Amino acid sequence: MSRIGFIGLGRMGRPMAINLVRKGFDLTVLDIQPAATAAVVAAGATAGASVAAVAQASDIVVTMLPSSVEVEAVCLGADGVFANAPRGALLMDMSTIDPLATDRLAAAAVAHGMTMVDAPVGRLAEHADRGESLFMVGASDADFARVKPLMEAMGNAIYHCGPVGSGGRTKLVNNFVAITLTQVNAEALALSQRFGLDLVRTMQVLLGTSAANGQLRMNLPSKVLAGDTTPGFTIDLAHKDLSLVVGAAHAARVPMPVAAAVHEAFSLARAAGHGAIDFSGMTDVLCEFAKIDKPRLPKGWTPG
């Protein structure tokens with residue numbers, strides 16, 4: 001079995017790494033937060049002393065980091081993954097980053113005798129806890145076959161989207177829709193509140209027509225509409241992804257005025273100090289701005 005390095009043990013990375021250990025993978029892990037590393041070591045992993053040490057001990061290096069800046073910092077340079085991993089090793093980046101950065105990293109990997117897979121993650125942190133993540137994968141056929149067993153240990157939905165770079169680009173398309181729907185739902189529910197409508201009836205109507213959407217059915221009832229805005233995917237991260245969407249759209253010469261508007265709505269939420277809450281909390285943020293009572297469903301209510 002391949003030796004796996006795992007760098008980045010945040011809210012998503014930690015449970016994914018633990019699931020790999022539980023499925024029998026030989027894991028060397030590293031995070032800037034010692035407590036995060038300790039949690040995965042307690043599950044059976046080995047702590048790496050540095051990025052270079054992790055790379056030297058690995059046939060496949062997995063990165064799960066906040067942005068392009070961190071991924072490039074970890075991979076490039078004399079102390080990075082590419083300079084220290086053995087020839088023939090593979091980098092699997094599961095971060096959501098600028099697609100042009102993925103292209104640069106893939107070229108650098110080849111220059112160092114390695115290959116790269118981009119496999120950003122869909123769904124939320126609670127899905128990662130249960131080993132139910134979704135992966136959008138950009139890879140050659142050979143590299144996809146090489147990393148598929150890892151993804152099967154961490155998730156239950158795996159889509160080979162095309163060559164390296166396709167995974168991250170698919171993730172941006174997906175997250176544009178998911179985040180925009182969150183904003184649309186927030187505005188609709190705030191309007192319903194201002195009108196004095198019954199929230200249950202409003203939800204039943206919305207879910208019974210073509211207005212229905214996955215965020216309204218799956219995420220809002222269990223999060224913000226239940227009074228829970230503890231983060232699974234924060235407003236800050238949603239804003240970061242929208243920044244990537246707008247930037248990638250500009251680079252590709254695709255006009256996306258809705259993306260730009262939603263990006264600014266999330267900028268306002270961050271400026272008001274709400275960046276650390278779950279992105280479903282945009283409903284509460286909008287109601288706070290408009291001085292409207294926050295919508296709450298009855299305890300135990302579920303979509304019919």
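Just so you know, all these numbers are worked out from the coordinates, no wet-lab data involved. Computed from a prediction, not measured in an experiment: that's the story for all the values here. Ideal geometry is used to build each Cβ from the backbone, glycine not excepted, and the neighbour counts take in all protein chains shown.
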Legend entry - Inter-site label distance for residue 197 and residue 261 at 7 Å from Cα along Cβ, in nm: 1.8 nm
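Which value in Å is the Kirkwood Rh of the chain over different Cα pairs? Please list the in-between numbers first.
Details: mean 1/r = 0.0495 Å⁻¹.
Kirkwood hydrodynamic radius for the chain: 20.2 Å.
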Inset, instruction - Please find, in a Gaussian network model of the chain (springs between Cα atoms separated by less than 10 Å), the residue of 173, 71, 254 whose mean-square fluctuation is greatest. - result: 254
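Order by neighbour count: 141, 118, fewest other Cβ atoms within 10 Å first, most last.
141, 118
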Inset, instruction - Grab every C-alpha pair in the stretch 169-290, bin the distances at 10 angstrom width from 0 up to the longest one, and report whole percents. - result: 13, 46, 32, 8, 0
Legend entry - Normalised contact order of the stretch 14-78, rounded percent, pairs of Cα under 8 Å and 6 or more residues apart: 26 percent
Legend entry - Least to most buried among 2, 95 (fewest other Cβ within 10 Å first): 2, 95
Inset, instruction - Taking the Cβ of each residue in 12, 282, 114, 256 as the centre, tally the other Cβ atoms inside 10 Å and list the residues starting with the fewest. - result: 256, 114, 12, 282
Legend entry - Alpha-carbon centroid distance for the pair the stretch 10-80 / the stretch 97-175, whole angstrom: 16 Å
Inset, instruction - Give the percent of DSSP beta bridges with both residues in the chain that are antiparallel, rounded to the nearest 5. - result: 15 percent
Inset, instruction - List nothing, just return the count: lysine pairs in the chain, 8 or more apart or interchain, with Cα separation under 29 Å. - result: 13
Legend entry - FRET efficiency estimate (nearest 0.05) - Cβ-Cβ, residue 159 to residue 73, R0 30 angstrom: 0.60
